[in-house]
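The values are calculated or read from the model by the stated rules, or taken from the named source; none is laboratory data. These figures come from a predicted structure and were not determined experimentally. Glycine also receives a Cβ, built like all others from the backbone with ideal geometry; neighbour counts cover every protein chain displayed. Heads up: the accessible areas ignore ligands, DNA and RNA and are worked out on the full protein's heavy atoms, side chains in. Shrake-Rupley method; radii C 1.70, N 1.55, O 1.52, S 1.80 Å.
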Amino acid sequence: MNPGTTSAPLLSVQGLCVNYGTDAQPIPAVTDASFSVSAGDIVGVAGESGSGKSTLCTALIRSLPHKARVRGKIIFDGRSLTELDASEMRGIRGKDITMILQNPMTALDPLFTIGNQMVEVLQRQRPPLTGPLIKTAIEMLRRVHLSAPELRVTQYPHQLSGGMKQRVLIAMAAACSPRLLIADEPTTALDATIQEEVLLLFRDIRDRLGTAFLLVTHDLGSIKRICDRTIIMYAGRIVEEGPTAELFRAPQHPYTQALLASLPHLDEDEISMSSIPGQVPNLTQLGAGCAFAPRCTRALPACTTRQPREVSTGPGRRVFCLQFEGTA
Ligand SMILES: Nc1ncnc2c1ncn2[C@@H]1O[C@H](COP(=O)(O)OP(=O)(O)OP(=O)(O)O)[C@@H](O)[C@H]1O
Ligand SMILES: [Mg+2]
């Protein structure tokens, strides 16, 4: 659960690459991403829009569009997910690994009641649940503190607010006690007080069920509040990782430093990542060097000619920046 734990990780991702383009015209959305998540860990993934966060998550559950080409290893609980066939993967998806999608407004089917949709999820559980599943669904909604759960199960998605729908999705994602719950921007569409409640709900699920979380967000405030560890992505690559408190106290990568420096009020609710001078690079025009070099105030000539290597800078801490090479 904490950084430094030595047991085999629940999830181990090694050299993951996702290309949406072709060899001739690559769109490298994720490049050489390696990281791990231990049981009960809450790991945050942050980075500007287009940095590859959703692609990374979707690759983990093998739900990318067909044209996407994936390389690298994804080991979950000792099994290599990239080598499973579609039916074996379906057995893992929605049971051991569940995902809450970026857009809660479209994730529920408008034609079915909340109760119908929850019962359908519950029916897939193994071993089968006993007793009336609608009662279980109501109890699950109560656990995520949704008001009037008996009424909600009879309602259709359009009769619920955005925050209510998000709670339903969280209840469904947690229904089968997954070992890993991937949440892609789960609070972006919600107002600040509901955001806070959703984060507390995640922590409650982790504490109650031992579920590990991969929490993707633009909102560094959310990460600071609940994540044990934080991964920062830039242009498809992981640029820094560390225990959250340390990473926020002493960011090492110039990009992480710029992100944090651009957020003077980190304890306030609304935190955006839009104020770093310069543009996020076009993935089809990346050069040989560090993608952040054109925006980096400390770039060296070598930064534009080759990729930085991973440098370990302390327990659970690593950074990809030429400034650190030779100093570790
Ligand atoms: N289906 C697709 N086909 C081609 N390119 C894609 C596709 N999906 C994503 N991309 C590109 O891959 C890159 C990474 O996109 P992704 O959605 O993973 O980023 P993100 O970090 O989740 O962004 P956001 O914060 O806006 O959700 C972007 O440049 C995007 O344009
Ligand atoms: Mg995204």
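Scanning segment 37-56 for residues that are open to solvent by 40 Å² or more (accessible area, probe 1.4 Å) and away from ligand 2 (no atom under 14 Å from the Cβ) turns up just one, 39. Filter segment 182-195 for residues that are of a type in the set (D, E, K, R) and surrounded by 17 or more Cβ atoms within 10 Å (Cβ to Cβ); which is modelled with the lowest pLDDT? Of everything passing the filter in segment 182-195, 185 is modelled with the lowest pLDDT.
Of all residues in segment 131-176, which are under 20 Å from residue 198 (Cβ atoms), open to solvent by 60 Å² or more (accessible area, probe 1.4 Å) and basic (Lys, Arg)? Of everything in segment 131-176, those that are under 20 Å from residue 198 (Cβ atoms), open to solvent by 60 Å² or more (accessible area, probe 1.4 Å) and basic (Lys, Arg) turn out to be 142, 143.
Taken together, the residues in segment 100-142 that are closer than 17 Å to residue 63 by Cβ and in contact with a Ser or Thr (Cβ under 8 Å, 6 or more places away or on another chain) amount to 1.
Going through (1) outside the structural domain of residue 220 (by TED's automatic domain parsing); (2) within 30 Å of residue 12 (Cβ to Cβ) one by one, residue 168 falls short only on (2). Sort out which residues of segment 155-207 are hydroxyl-bearing (Ser, Thr, Tyr) and either at positive phi or assigned to a helix (DSSP H, G or I) (or both), and write them in order of number. If the condition is that a residue be hydroxyl-bearing (Ser, Thr, Tyr) and either at positive phi or assigned to a helix (DSSP H, G or I) (or both), then 177, 193 are the ones that fit.
Among the residues of segment 13-36, those identified as within 12 Å of ligand 1 (Cβ to nearest atom) and either part of a loop (DSSP other than H, G, I, E, B) or open to solvent by 40 Å² or more (accessible area, probe 1.4 Å) (or both) are 20, 21, 22, 25, 26, 27.
Among residues of segment 206-229 being of a type in the set (A, V, I, L, M) and surrounded by fewer than 22 Cβ atoms within 10 Å (Cβ to Cβ), the one that is nearest to the chain's Cα centre (by Cα) is 226. Looking only at residues that are open to solvent by 20 Å² or more (accessible area, probe 1.4 Å) and within 26 Å of residue 251 (Cα to Cα) in segment 196-205, which one is nearest to the chain's Cα centre (by Cα)? The extreme case among them is 203.
The single condition among (1) under 23 Å from residue 9 (Cα atoms); (2) of a type in the set (Ser, Thr, Tyr); (3) away from ligand 1 (no atom under 16 Å from the Cβ); (4) part of a loop (DSSP other than H, G, I, E, B) that residue 130 does not satisfy is (1). Testing residue 179 on (1) modelled with pLDDT under 90; (2) open to solvent by 50 Å² or more (accessible area, probe 1.4 Å), one condition comes back false. Which one is that? Just one mismatch for residue 179, condition (1).
Residues that are outside any loop (DSSP other than H, G, I, E, B), hydrophobic (A, V, I, L, M, F, W, C) and under 27 Å from residue 7 (Cβ atoms) within segment 71-113 comprise 74, 75, 76, 81, 89, 92, 97, 99, 100, listed in sequence order.
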